[in-house]
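Step one of this worksheet: look at the structure below.
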Protein chains: 2
Amino acid sequence: MKISTRSRYGLRLLIELADHDNTAPLFLSEIAKKQQVSEKYLSKLVISLRSCGFIKSVRGAHGGYLLAKPATEINLAQIIACLEGEFSFIDCTSCPETCDRSHDCASRMAWVGLEKVMKGYCEGLTLEAIRLNPDAPLPL
Amino acid sequence: MKISTRSRYGLRLLIELADHDNTAPLFLSEIAKKQQVSEKYLSKLVISLRSCGFIKSVRGAHGGYLLAKPATEINLAQIIACLEGEFSFIDCTSCPETCDRSHDCASRMAWVGLEKVMKGYCEGLTLEAIRLNPDAPLPL
DNA sequence: ATAAACACTACCAATATAGTAGTATTAAGA
DNA sequence: TCTTAATACTACTATATTGGTAGTGTTTAT
């Protein structure tokens with residue numbers, strides 16, 4: 001039940017972009033260096049982030065990446081959904097057919113509730129709020 | 001970020017025990033059959049569940065398993081911690097040393113908050129409450 | 001033209017998860 | 001006391017996921 005490095009690195013990358021003056025693009029090489037992460041690996045993440053509409057890229061020399069929309073309009077639930085494929089803690093919550101006991105499963109109820117709580121928190125937390133690093137991590 | 005089958009099966013097994021009259025032990029073979037899961041696989045889970053003090057076993061013929069304490073005194077956070085090894089969504093929350101940027105990491109705050117919310121929910125949900133299948137968090 | 005940057009595809013390695021096999025131990029009951 | 005039904009334990013294998021690399025193609029400022 002660990003969050004993957006995709007989400008971890010991806011969020012950090014977005015924070016980096018949000019922190020940066022958004023008029024000029026940021027090189028991936030620069031982000032990679034600053035975060036001490038493989039540029040090649042990040043280059044796979046940005047494809048997802050771009051297709052989800054969080055960032056836009058500038059190709060060619062002096063290219064790079066910038067946020068495609070204000071950090072106030074991106075929330076953690078969206079970022080996770082983008083990088084993990086979907087926001088789901090267990091398959092039978094979104095797709096009851098994956099298990100034939102879904103119709104009457106006490107344990108499923110617990111998982112559905114947990115996922116709901118997680119989603120609520122993440123939807124309420126914007127990239128901007130994360131970036132500003134509130135010393136109290138505002139629980140729901 | 002999926003919950004593992006260990007936790008899923010483990011929770012279902014505990015519910016089975018909680019549903020059962022706790023004076024006589026339940027065979028693992030019976031639980032496995034009822035849940036249509038490999039008995040061998042369950043036999044590994046019960047070792048963890050027993051060492052965490054949730055269940056007790058009766059060896060020999062007519063043996064089996066029963067709850068070691070009331071279902072009201074076991075909560076979901078404990079069950080997850082038992083079966084996943086620990087209740088942790090990301091390593092740097094409980095152990096900042098795993099990452100050298102922990103001291104000032106905006107993204108870490110977000111994960112700490114998420115984990116806190118998850119833990120809060122799970123600690124508040126007892127096995128008994130799960131078993132009783134509250135109509136609360138139930139969309140199918 | 002050249003070099004700097006992203007875009008894309010394919011692959012490999014490491015780890016974690018899921019599941020199996022087989023043996024040892026315990027205890028009820030004939 | 002022998003047999004049988006059950007848990008206890010150790011070791012192994014298979015599969016899936018994750019993390020990461022390699023290499024080539026494309027775009028564009030200079």
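Every number in this text was worked out from the coordinates using simple rules, so none of it is lab data. Since the model is a prediction, treat every value here as computed from it, not as a measurement. Cβ placement follows ideal geometry from the backbone for every residue including glycine, while neighbour counts extend to all protein chains displayed.
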Task: Choice from B:GLY113, B:GLY124, B:GLY53 showing the highest fluctuation, given a GNM over chain B with Cα pairs closer than 10 Å - done: B:GLY113
Open item on the list: Starting from the 7 Å offset along Cα-to-Cβ, what nm value, one decimal, do you get for the label separation of B:ASP19 and A:THR72?
Closed with: 5.0 nm
Task: Isotropic mean projected area of the C-alpha convex hull, chain B (nm²) - done: 10.1 nm²
TODO: Enumerate the amide H contacts of A:ASN75 below 5 Å, restricted to partners 5 or more residues apart or on another chain; note that Pro and chain-start residues carry no placed amide H.
DONE: A:LEU127
Open item on the list: So if each residue of separation counts as 0.36 nm, and I subtract the Cα-Cα distance between B:GLU97 and B:ASN133, what length gain in nm does that give?
Closed with: 8.9 nm
Task: Relative contact order (percent, whole number), chain B, Cα cutoff 8 Å, 6+ residue spacing - done: 26 percent
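In the protein assembly as shown, how does Rg compare with the Kirkwood Rh, expressed as the Rg/Rh ratio over alpha carbon atoms? Don't skip to the answer; put the middle values down first.
Numbers: Rg = 21.9 Å, Rh = 20.7 Å.
Ratio of gyration radius to Kirkwood radius: 1.06.
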Task: Anisotropy class of region A:66-140 from Cα gyration tensor, a/c 1.5 cut - done: oblate
TODO: Let me have the 222 nm mean residue ellipticity of chain A computed from DSSP H runs of 4+ only, each contributing -39500 (n - 2.57), with the sum over all residues rounded to the nearest 500.
DONE: -15000 deg cm²/dmol
TODO: Starting from the Cα of A:HIS62, step 7 Å toward the Cβ, then list every residue of region A:1-38 with an amide N under 18 Å from that point.
DONE: A:21-30
